[in-house]
Amino acid sequence: MPSLGRLHLITDTRPGRDPLAVLRAALPVARDDLVVQVRVTDDATDREAYDLACRVVGACLPYGACCLVNDRLHVALAVGAAGGHVGADDLPVAAARRVLGAGAVLGATAREPGAARAAVDAGATYLGVGPCHATTTKSGLPAPIGPDGVRAVAGSVTVPVIAIGGVTAGSVPALRAAGAYGVAVVGALSAAADPARATAELLRALTC
């Protein structure tokens, strides 16, 4: 199973965003510390998800970065991604593990210790925990859990915890102190004027 990087970049495919340009800026800076989660909007076709994931896998390969596909596990298998990530409305973790196989990276979303332990028992290799802070990237999210919520989950499991939701370089130290192994970001890079510089700032915050 590939080692897990500390900085997760979730592709932003909303109108006006260029996820591949952001990726090209981030990869030379983060290299194998980067995990790219290919996420598309709900109305995107499987073909669109496949085409994007193919390009992400190809871009990651020279840098040793890990590519995962969110939600659409058949696309992850089709493009040879390292694994996938499932949320609360996707396949159950145990079913996702059967689909991906024993050697794949499998992330699961959790926001409280009981659900976190259940996800790990079912086969999750890391947990996406949040939202930590308010975010406009995705609608319909529950209330933010803050660093205290991250601490509760991190203290209940032994797998890496990736904090997500409104994460900035400035909020990383508190999340790391709460037990987060790493962070996942969308807007912190996709909306940055200089994604390469923003990547470097996030990495510095993660390694301090």
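Of 151, 98, 117, the residue with the greatest mean-square motion in the GNM of the chain, using alpha carbon springs below 10 Å, is 98. Label-to-label distance for residue 61 and residue 24 is 1.8 nm, based on points extended 7 Å past Cα in the beta-carbon direction. On the chain, 54 percent of the accessible area sits on carbon and sulfur atoms, based on a 1.4 Å probe. Per residue, the chain exposes 45 Å² of accessible surface when a 1.4 Å probe is rolled over the protein heavy atoms with every protein chain present. Highest GNM mean-square fluctuation among 44, 154, 110, for the chain modelled with Cα contacts below 10 Å: 44.
Taking the Cβ-Cβ separation of residue 143 and residue 193 as r and a Förster radius of 25 Å, what is the calculated FRET efficiency to the nearest 0.05? My answer for the efficiency is 0.25. Taking the charge dipole of the chain about its Cα centre, with +1 at Lys and Arg Cβ atoms and -1 at Asp and Glu Cβ atoms, the residue from 200, 128, 114 reaching farthest to the positive side is 200. Count Lys and Arg as plus one, Asp and Glu as minus one, and take only other residues whose Cβ is under 10 Å from that of residue 180; the net charge is then +3. Using helices alone, what [θ] at 222 nm do you get for the chain, with -39,500 (n - 2.57) per DSSP H run of 4 or more residues, divided over all residues and rounded to the nearest 500? For the chain, the value works out to -11500 deg cm²/dmol.
Dipole magnitude for the chain: computed about the Cα centre from +1 point charges on Lys and Arg Cβ and -1 point charges on Asp and Glu Cβ, it is near 360 debye. Count Lys and Arg as plus one, Asp and Glu as minus one, and take only other residues whose Cβ is under 11 Å from that of residue 44; the net charge is then -2. Multiplying the residue separation of residue 158 and residue 48 by 0.36 nm and subtracting their alpha-carbon distance yields 36.1 nm. Set against the 2.2 N^0.38 Å expectation for a compact globular protein, segment 3-76 has a Cα radius of gyration ratio of 1.02. First check a/c for the chain, with a ≥ b ≥ c the square roots of the eigenvalues of its C-alpha gyration tensor; if it is under 1.5, answer rounded, and if not, answer prolate when a/b is larger than b/c or oblate otherwise. Since a/c stays below 1.5, the shape of the chain is classed as rounded.
The values are calculated or read from the model by the stated rules, or taken from the named source; none is laboratory data. What you see is a predicted model, and the numbers here were worked out from it, not measured in a lab. Glycine also receives a Cβ, built like all others from the backbone with ideal geometry; neighbour counts cover every protein chain displayed. Calculation scope for accessible area: heavy atoms of the full protein, side chains included, ligands and nucleic acids excluded. Shrake-Rupley method; radii C 1.70, N 1.55, O 1.52, S 1.80 Å.
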